[in-house]
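Below is one structure; the comments refer to it alone.
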Amino acid sequence: MKLFDVYAVNDITIVKAKGSYIWDENGLQYLDMYGGHAVISIGHTHPHFVKRITEQLNKIAFYSNSVRIPLQQELAEKLGKVSGREDYQLFLCNSGAEANENALKLASFHTGRKKIIAFRKSFHGRTSLAVAATDNPAIVAPVNQTDNIIFLPFNDEDSLEACFRAQGSEIAAVIIEGIQGVGGINLSKESFLQKIRSLCTQHNAVFIADSVQCGYGRTGKFFSHDYANVDADIYTMAKGMGNGFPVAGIIIAPHLKPRIGMLGTTFGGNPLACAAALAVLEVIEEEKLMENAKNIGDYLLGELKKIPALQNVRGKGLMIGLDVPEELKDLRKDLLFHQHIFTGEAKPNTIRLLPSLALSKKDADEFLESIREELPLSPKEENRKEDIPV
Ligand code: PLP
């Protein structure tokens with residue numbers, strides 16, 4: 001049997017990983033500034049993560065949600081504490097798309113309404129409603145097309161207000177990434193998030209903060225939306241939550257009430273996933289990784305902004321985007337194949353940095369040195385070079 005060919009694959013086989021480094025089958029070492037697509041939060045094969053999962057595996061890997069699973073409660077308490085949302089409720093599932101799917105469905109159940117506001121360049125996943133709310137027609141199958149999604153321009157308060165004025169009583173939810181990831185590291189304005197909060201409150205709609213990529217401490221705060229000092233009604237989480245173990249969830253404000261059978265999944269909240277997620281939160285706390293993400297992120301942003309060839313360097317914490325001009329369009333490939341550094345991309349010309357939150361200053365310096373090596377010298381630097389006596 002062949003694999004169903006849907007991924008653009010690099011001709012590299014990774015067989016080993018530790019911290020911010022990965023190794024291929026020939027023993028070649030790579031610096032992972034991509035975090036396996038924003039997934040590696042506490043570093044590859046962190047010993048506490050490995051221990052927690054191994055111990056759990058030796059006890060029980062799985063039983064269904066028809067029995068009590070105390071690790072779920074333990075995770076809910078820890079997550080409430082670390083995220084500063086102790087009065088929220090936790091529903092566990094398995095992927096980012098599924099988290100958004102459940103959040104949107106819950107908003108519709110709660111309000112009895114059908115319309116969802118999403119934004120241009122958004123990405124919310126590939127399940128039916130999540131993909132319908134994703135601004136990329138190429139991945140929306142005919143069966144997913146719906147008139148229930150209203151796409152508005154990102155960060156445009158006037159059109160948001162106009163939409164609520166016209167259809168406020170039909171809006172079930174507004175869904176927004178604090179920082180658009182796949183869309184190219186576009187930061188939501190704090191005033192825009194505050195406007196969403198006030199309009200949702202005014203019209204009894206549900207504010208969904210998609211934190212699948214920008215959440216879990218990546219930006220230096222637990223949720224990137226926290227920079228705007230607002231509380232969303234539902235936060236969706238996945239990627240960094242399990243440091244590579246598939247686990248996702250939504251946390252839900254107290255006024256949204258559950259009923260038996262309203263949501264559900266076979267694998268969601270299984271003991272192994274809970275052990276992985278607990279290990280991640282314990283390490284985030286113990287090693288102060290949110291502070292590290294902020295500090296190393298600020299350092300990287302500052303240094304990258306000094307490099308003249310890079311355009312529009314932006315981001316928060318360890319979620320950073322930079323644009324490369326047409327003549328440097330191979331930079332990402334050169335970083336991978338010359339410097340052995342993995343980075344992410346957003347088409348057409350953005351490089352995304354999404355490393356582990358444990359990235360050290362030394363790792364950051366290695367990256368900066370490598371990127372400088374791959375870039376042509378600016379005229380100023382060229383002159384300086386000529387000044388140096390040989
Ligand atoms: N939401 C955002 C913001 C994402 O970046 C992604 C994935 O990249 C998803 C949702 C979907 O997550 P998953 O691939 O785990 O379904």
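Keeping to the range 324-344, report how many residues are on the phi < 0 side of the Ramachandran plot, surrounded by 16 or more Cβ atoms within 10 Å (Cβ to Cβ) and touching a helix residue (DSSP H, G or I) at 6+ places or on another chain (Cβ under 9 Å). Residues meeting the conditions: 10.
Given the criteria away from the ligand (no atom under 16 Å from the Cβ), outside any strand (DSSP E or B), aliphatic (A, V, I, L, M) and in contact (Cβ under 8 Å) with a residue 12 or more places away in the chain, does V143 qualify? First the steps, then the outcome.
Working: away from the ligand (no atom under 16 Å from the Cβ): yes; outside any strand (DSSP E or B): yes; aliphatic (A, V, I, L, M): yes; in contact (Cβ under 8 Å) with a residue 12 or more places away in the chain: yes.
Judged against the criteria, V143 is a match.
Only one residue in G321, G315 is out of contact with any helix residue (DSSP H, G or I) (no Cβ under 9 Å at 6 or more places or on another chain) and either outside any helix (DSSP H, G or I) or not assigned by TED's automatic domain parsing to the domain that holds E77 (or both). Which one?
Values: G315 fails: out of contact with any helix residue (DSSP H, G or I) (no Cβ under 9 Å at 6 or more places or on another chain).
Being out of contact with any helix residue (DSSP H, G or I) (no Cβ under 9 Å at 6 or more places or on another chain) and either outside any helix (DSSP H, G or I) or not assigned by TED's automatic domain parsing to the domain that holds E77 (or both) holds for just one of G321, G315, which is G321.
Is there a residue being in the same structural domain as K189 (by TED's automatic domain parsing), touching a residue at least 12 places away in the same chain (Cβ under 8 Å), within 21 Å of A205 (Cβ to Cβ) and within 14 Å of the ligand (Cβ to nearest atom) anywhere in the range 148-157? The answer is yes; a qualifying residue exists. Evaluating I116 against the criteria (1) touching a residue at least 60 places away in the same chain (Cβ under 8 Å); (2) within 16 Å of A173 (Cα to Cα) leaves one unmet condition, (1).
Of the candidates E287, E303, E282, the single residue that is under 30 Å from Q72 (Cβ atoms), modelled with pLDDT of 95 or more, of a type in the set (D, E, K, R) and touching a helix residue (DSSP H, G or I) at 6+ places or on another chain (Cβ under 9 Å) is E282. Please determine, by comparing only the residues of the range 99-117 that are within 17 Å of the chain's Cα centre (by Cα) and of a type in the set (A, V, I, L, M, F, W, C), which one is nearest to the ligand (Cβ to nearest atom). Among those that are within 17 Å of the chain's Cα centre (by Cα) and of a type in the set (A, V, I, L, M, F, W, C), it is A99.
Among residues of the range 180-239 being part of a strand (DSSP E or B) and either assigned by TED's automatic domain parsing to the domain that holds L318 or out of contact with any helix residue (DSSP H, G or I) (no Cβ under 9 Å at 6 or more places or on another chain) (or both), the one that is farthest from the ligand (Cβ to nearest atom) is N186. Filtering I176, I185, I208, I196 for residues that are free of Cβ contacts under 8 Å to residues at least 60 places away in the same chain, in contact with a Ser or Thr (Cβ under 8 Å, 6 or more places away or on another chain), β-branched (V, I, T) and crowded, with 21+ Cβ neighbours inside 10 Å leaves a single hit, I176. So which residues in the range 269-295 are surrounded by 22 or more Cβ atoms within 10 Å (Cβ to Cβ) and under 12 Å from L359 (Cα atoms), if there are any at all? L289, A293 - these are the residues of the range 269-295 that are surrounded by 22 or more Cβ atoms within 10 Å (Cβ to Cβ) and under 12 Å from L359 (Cα atoms).
The values are calculated or read from the model by the stated rules, or taken from the named source; none is laboratory data. These numbers were taken from a predicted model, which means no experiment stands behind them. Backbone-built Cβ (ideal geometry, glycine too); neighbour counts: all protein chains shown.
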